[in-house]
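**Q** There's a structure below that I have some questions on.
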Amino acid sequence: MIKATVTKWGNSLALRIPRPIAEQLGIKENSNVFLELEGDRLIIKHGQSLDEMLALVTDENKQQLIDFGAQRGKEII
């Protein structure tokens, strides 16, 4: 467990994430995190936003389109 200090940042409060924890979680400057209350505990979850995930898509890792043939109903093309 690492002790951290909550500081004032404008009208809000800020909590610094120590470098070893940030590196372990893959959190960088401007990363999105999700805050959740569980009783009296603050849970910080790290996940990628849609923009972060889309930034990882390249021509090399993009799936190819599959042609299923001519329309058979009222599909929108």
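The values are calculated or read from the model by the stated rules, or taken from the named source; none is laboratory data. Computed from a prediction, not measured in an experiment: that's the story for all the values here. Ideal geometry is used to build each Cβ from the backbone, glycine not excepted, and the neighbour counts take in all protein chains shown. Just so you know, the surface numbers come from the protein's heavy atoms only, side chains and all, with ligands and any DNA or RNA stripped out. Shrake-Rupley method; radii C 1.70, N 1.55, O 1.52, S 1.80 Å.
**Q** Take the Cα coordinates of the chain, assign each an equal point scatterer, and use the Debye formula without solvent to give log10 I(q)/I(0) at q = 0.11, 0.12, 0.24, 0.26 Å⁻¹.
**A** -0.54, -0.59, -1.31, -1.36
**Q** With a 1.4 Å probe and every protein chain left in place, work out the accessible area per residue of the chain in Å², rounded to a whole number.
**A** Roughly 105 Å² per residue, with all protein chains present.
**Q** Now for a separate question. Which residues' amide hydrogens lie under 5 Å from the amide hydrogen of S31, considering only partners 5 or more residues apart or on another chain, with H built in the peptide plane?
**A** Those qualifying (amide H under 5 Å, at least 5 residues apart or on another chain) number zero.
**Q** Along the charge dipole of the chain, pointing to its positive end and built from +1/-1 on Cβ of Lys, Arg, Asp and Glu, which listed residue (N32, L56, G69) has its Cα farthest out?
**A** Most positive-ward Cα: N32.
**Q** At 1.4 Å probe size, with the rest of the protein present, what percent of the exposed accessible area of the chain is carbon and sulfur atoms?
**A** Carbon and sulfur atoms account for 55 percent of the accessible area of the chain.
**Q** Order of 11-23, 35-47 by packing, highest average Cβ count within 10 Å first?
**A** 11-23, 35-47
**Q** I've got another one for you. Please compute the contact order of the chain in relative form: average sequence separation of alpha-carbon pairs under 8 Å and at least six residues apart, divided by the residue count, as a percent.
**A** Result for the chain is 14 percent.
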